[in-house]
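Values quoted throughout were computed directly from the atomic coordinates according to the rules given, and no laboratory measurement underlies them. Because the structure is a prediction, the values reported are computed rather than measured. Glycine also receives a Cβ, built like all others from the backbone with ideal geometry; neighbour counts cover every protein chain displayed.
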Amino acid sequence: MTCSRCENLDEYVRFRTPGELFRAIGTVRQAVADGDIEEIDAGPMKGTIAFSDLSDAGPLDNILLYRFRCPDCGQNFVLGAETYHGRGGSWGKSAPLGSM
């Protein structure tokens, strides 16, 4: 369940185009800068490029997987995408890593 700090990030978003992915990256980047969420370890499936280094100009890993957590309520979020074909992926709430 989200709190007042992260409730504006609560909407599930499916990416159908690279533009939608990059808009989501921008939104998440701003939320991290504002302190609304913090990046956490994505586990063994994480990519080689740090979230802070993502750029519209690339390069991008073929698979993106980044996890975030609200510092107040602990709600977890995940940003994932398959970039090799240029579409597919999503942003949304997730369960903590240890509970999957």
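The residues listed here are Gly58, Gly47; of these, the one that is touching a strand residue (DSSP E or B) at 6+ places or on another chain (Cβ under 6 Å) and in a loop (DSSP other than H, G, I, E, B) is Gly47. Mind listing whichever residues of segment 12-24 are in contact with a Phe, Trp or Tyr (Cβ under 8 Å, 6 or more places away or on another chain) and either of a type in the set (A, V, I, L, M) or part of a helix (DSSP H, G or I) (or both)? Those that are in contact with a Phe, Trp or Tyr (Cβ under 8 Å, 6 or more places away or on another chain) and either of a type in the set (A, V, I, L, M) or part of a helix (DSSP H, G or I) (or both): Val13, Leu21, Ala24.
Scanning segment 30-46 for residues that are over 12 Å from the mean Cα position of the chain (by Cα) and either under 16 Å from Phe77 (Cβ atoms) or surrounded by 15 or more Cβ atoms within 10 Å (Cβ to Cβ) (or both) returns Ala33, Asp34, Gly35, Asp36, Gly43, Met45. Looking at (1) closer than 18 Å to Cys3 by Cβ; (2) surrounded by fewer than 17 Cβ atoms within 10 Å (Cβ to Cβ); (3) β-branched (Val, Ile, Thr), which is the only condition Ile49 fails? So Ile49 meets the others, but not (1).
When you look at Thr27, is it hydroxyl-bearing (Ser, Thr, Tyr), surrounded by 13 or more Cβ atoms within 10 Å (Cβ to Cβ) and more than 13 Å from Glu82 (Cα to Cα), yes or no? So Thr27 fits the description; yes.
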